[in-house]
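Asks: What follows is a structure written as structure tokens; I'll ask about it next.
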Amino acid sequence: MSLSVLLILIVITVIVSMSAFNNNQLTNRLLYSPYSCKHDGDYFRMFGHMFIHADTMHLLFNMMSLFFLGSLLEDELMFTYGKVRGEVHFLLIYILGGLFATLIPYIRHQDNPSYRSLGASGAVSAVIFAAILWNPKMELMIMFLPIPIPAYIFGPLYIAFEYWADRRGGTGIAHDAHIGGAIFGILYVLIINIDKGKEFLSALFG
């Protein structure tokens, strides 16, 4: 496989994350803190947190999800728009999706100095849902449940679970960031290709 935006993002994220595992100063500098963003002007945290992770399993899960769904989406975008434009679209979905995913936590926790989060989950969620909307009939499998599920069913179930988990609380996971990333991935695809939305609805209700 030739070098692509996807692989570059994965390599950078792995390098920075592994460096941060043994460098608390780097981790603390990049952690997403809505409070620090608002009160100290540390808005770079809305971007930097995407490149650090809590542990190896957190990093591995996000990068595996990004690789498998991201490879599909990246190929589809390059096929449709050409290599350069396709790669730009993919990069925007990932980076802007990660930034968009910080908005709900920001609204909720901008005056909470104890709130911290990290990881690429919001950006990965944007890629996953862009891929789902782009190819709603592909089959996906959930870890520990090796049963193929059509993407047009997996997507709504995933959103419903994240919403329920967010309302329930107590998981230590930023489910609201996952939802925000998913919403961005969906909106981005609808903006560049509204027909994909029609195809998704046709698959869901057809």
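Per-residue answers, yes or no, for (1) within 15 Å of residue 69 (Cβ to Cβ); (2) touching a helix residue (DSSP H, G or I) at 6+ places or on another chain (Cβ under 6 Å):
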site: 149; (1), (2): yes, no
site: 152; (1), (2): yes, yes
site: 169; (1), (2): no, no
site: 193; (1), (2): no, no
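Asks: Inside segment 11-29, can you point out the residues that are surrounded by 14 or more Cβ atoms within 10 Å (Cβ to Cβ), within 19 Å of the chain's Cα centre (by Cα) and free of Cβ contacts under 8 Å to residues at least 40 places away in the same chain?
Replies: Correct list: 16 only.
Asks: Restricting the search to segment 44-93, which residues are surrounded by 14 or more Cβ atoms within 10 Å (Cβ to Cβ) and assigned to a loop (DSSP other than H, G, I, E, B)?
Replies: Answer for segment 44-93, where residues must be surrounded by 14 or more Cβ atoms within 10 Å (Cβ to Cβ) and assigned to a loop (DSSP other than H, G, I, E, B): 52, 53, 54.
Asks: So in segment 100-111, with the set limited to residues that are in a loop (DSSP other than H, G, I, E, B) and touching a helix residue (DSSP H, G or I) at 6+ places or on another chain (Cβ under 6 Å), which one is surrounded by the most Cβ atoms within 10 Å (Cβ to Cβ)?
Replies: Going residue by residue through segment 100-111, those that are in a loop (DSSP other than H, G, I, E, B) are 101-102, 110-111.
Next, from what is left, pick out any that are touching a helix residue (DSSP H, G or I) at 6+ places or on another chain (Cβ under 6 Å): 101-102, 110.
Numbers: 101: 33, 102: 25, 110: 15.
It comes out as 101.
Asks: Here is a follow-up. So which residues in segment 73-102 are hydrophobic (A, V, I, L, M, F, W, C) and more than 15 Å from residue 135 (Cβ to Cβ)? Explain how you work it out, then say what you get.
Replies: As a first pass, look at segment 73-102 and keep what is hydrophobic (A, V, I, L, M, F, W, C): 73, 77-79, 84, 88, 90-93, 95-96, 99-101.
Residues satisfying the conditions are 84, 88, 91, 92, 95, 96, 99, 100, 101.
Asks: Here is a further query. Looking at segment 32-56 only, could you name the residues that are aliphatic (A, V, I, L, M) and touching a strand residue (DSSP E or B) at 6+ places or on another chain (Cβ under 7 Å)? Quick ask: steps written out before the conclusion?
Replies: Our first condition is that a residue be aliphatic (A, V, I, L, M); within segment 32-56, this holds for 46, 50, 52, 54.
Matches in segment 32-56: 46 only.
Asks: Can you tell which of 136, 146, 150, 156 is farther than 22 Å from residue 13 by Cα and buried (at least 21 other Cβ atoms within 10 Å of the Cβ)?
Replies: Working: 146 fails: buried (at least 21 other Cβ atoms within 10 Å of the Cβ); 150 fails: buried (at least 21 other Cβ atoms within 10 Å of the Cβ); 156 fails: buried (at least 21 other Cβ atoms within 10 Å of the Cβ).
When all the criteria are applied, what remains is 136.
Asks: Could you grab me the full set of residues in segment 168-206 that are surrounded by 22 or more Cβ atoms within 10 Å (Cβ to Cβ) and either among the charged types (D, E, K, R) or closer than 17 Å to residue 76 by Cα (or both)?
Replies: Result: 176, 185, 189, 200.
Every number here is computed from the coordinates shown, using simple stated rules; none is lab data. Please read these numbers as outputs of a predicted model, since none were measured by experiment. Backbone-built Cβ (ideal geometry, glycine too); neighbour counts: all protein chains shown.
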